[in-house]
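The values are calculated or read from the model by the stated rules, or taken from the named source; none is laboratory data. Being a predicted model, the structure only gives us computed values, none of them experimental. As a convention, Cβ positions derive from the backbone with ideal geometry for all residues, glycine included, and neighbour counts pool all protein chains shown. Heads up: the accessible areas ignore ligands, DNA and RNA and are worked out on the full protein's heavy atoms, side chains in. Shrake-Rupley method; radii C 1.70, N 1.55, O 1.52, S 1.80 Å.
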Amino acid sequence: MGARIGVIGLGRIGSYHARNLLGMDGVDTLIVTDADPSRTSDVSTELDVPAAPNPDALFESGVDAVLIAASSGSHAELIEAAVDRGIPTFCEKPVADSIESSLRALRAVEQTAVPVQIGFQRRFDPGLISAYNAVRAGDLGWLHTLRSTTLDPAPPPVSYIARSGGIFRDCAIHDFDIIRWVSGQEVTSVFATGANQGDPAIAEAGDVDTGAAVLTLDGGTLAVVSTTRYNARGYDSRLEVLGSADSVVAGLDEQLPLRSVDPGAQFPSGVPHSFFMDRFAAAYRAELEAFVDVVAGRRTSPCTPADAVESAWIAEAAALSLHGGRSVTIAEVKELVLQTEKEASS
Ligand SMILES: NC(=O)c1ccc[n+]([C@@H]2O[C@H](COP(=O)([O-])OP(=O)(O)OC[C@H]3O[C@@H](n4cnc5c(N)ncnc54)[C@H](O)[C@@H]3O)[C@@H](O)[C@H]2O)c1
């Protein structure tokens, strides 16, 4: 018999995940909820699945697992509520909208044996898996540089940005995760900067519409992250892994949203990727198939909260660097946050 999975948060990604889950091997049925009752009823009607009026009612309805795709600010509380009840959980990235809440959720998870998977879908992208394997096989020699690019075609609503934790915690966190995962190295310091030339409401919400960061890795490799909310040609997510013996790139396909101006160049010739849903369609499906296996006890979580919190530290350092105008070490951020926590509890 398959699992009954509760989906909490039915916005852009939650409704997409719900459609992917429905009909997947190992999934019997869904139950859905959103803080916005009209969204709950729209998705419940569209997918012909039952609705719950709120997360508590969903938890109590006898689900085998939950998928949390609500706004980042509610992740920590929902993860805690799910693991307290012993319910296997998939939660979208980031673990939470701040490092403090991420640590709170992590501690709650670690007090239980309940499996939790965080939604870093890039780890399931075929190209990025090949890059990971090339590094593990030693094919690239020593890595001098990684370049990770995440360019959104258009900004999400400002209401989303205001609750997102900022571009580094919300968007570049995917780059931080994939840099760690592919290189097998930890980040030691971050220099980040940002700019606003688009909707002034983004700056008013305390964020930047374009960001860049230089990361130093503990194996001696440098990484460069580039991200924006304004790349009208399409959704561009690439990882270049450049080594002393060879170099590879994931995401350099015919749908790359770049227009070559070199005479005679034919590449790329396809329709540009329009958004993360089409660029990472296979990866989103594969991460949920993995989660169904986690729920069935066939595998352990492929991306634990502890693993995901490592990227949250990098995002925290990037946010501090952006606002402080200087390079920030991960050790310094950890000390600062843990010291503040200690003072608050004494
Ligand atoms: N992995 C990825 O590539 C990816 C892509 C997009 C979004 N995300 C993440 O998914 C989450 C949702 O993003 P989105 O783009 O779908 O946002 P969205 O604003 O479109 O949807 C969020 C939904 O959550 C609902 N919600 C908020 N708080 C809730 C709560 N406490 N209980 C129930 N519902 C609640 C809102 O009403 C809304 O419908 C964010 O954490 C985001 O970082 C991940």
**Report entry** Those residues of region 52-94 which are in contact (Cβ under 8 Å) with a residue 60 or more places away in the chain, touching a Lys or Arg at 6+ places or on another chain (Cβ under 9 Å), closer than 29 Å to Ala315 by Cβ and charged (D, E, K, R), in sequence order
**Finding:** none
Query raised in the report: Does region 46-63 contain at least one residue that is more than 26 Å from the chain's Cα centre (by Cα) and assigned to a helix (DSSP H, G or I)?
Result: yes
Query raised in the report: If a residue has to be open to solvent by 10 Å² or more (accessible area, probe 1.4 Å), under 16 Å from Arg180 (Cβ atoms) and among the aliphatic types (A, V, I, L, M) to count, how many in region 308-330 make the cut?
Result: 2
Query raised in the report: From the set of residues in region 30-66 that are more than 10 Å from the ligand (Cβ to nearest atom) and under 20 Å from Val95 (Cβ atoms), which is surrounded by the fewest Cβ atoms within 10 Å (Cβ to Cβ)?
Result: Phe59
Report summary line: Per the filter on region 150-176, residues more than 10 Å from the ligand (Cβ to nearest atom), open to solvent by 10 Å² or more (accessible area, probe 1.4 Å) and either of a type in the set (Val, Ile, Thr) or touching a Ser or Thr at 6+ places or on another chain (Cβ under 6 Å) (or both) are Leu151, Val158
Requested in this report: Only residues that are touching a Ser or Thr at 6+ places or on another chain (Cβ under 7 Å) and small (Gly, Ala, Ser): list them for region 251-279, please.
Outcome: Gly251
Query raised in the report: Does region 206-215 include one or more residues that are under 25 Å from Pro302 (Cα atoms), open to solvent by less than 40 Å² (accessible area, probe 1.4 Å) and at pLDDT 95 or above?
Result: yes
Requested in this report: Take region 99-154 and flag every residue that is in a helix (DSSP H, G or I), within 17 Å of Asp177 (Cβ to Cβ), in contact (Cβ under 8 Å) with a residue 24 or more places away in the chain and of a type in the set (Val, Ile, Thr).
Outcome: Ile99, Val135
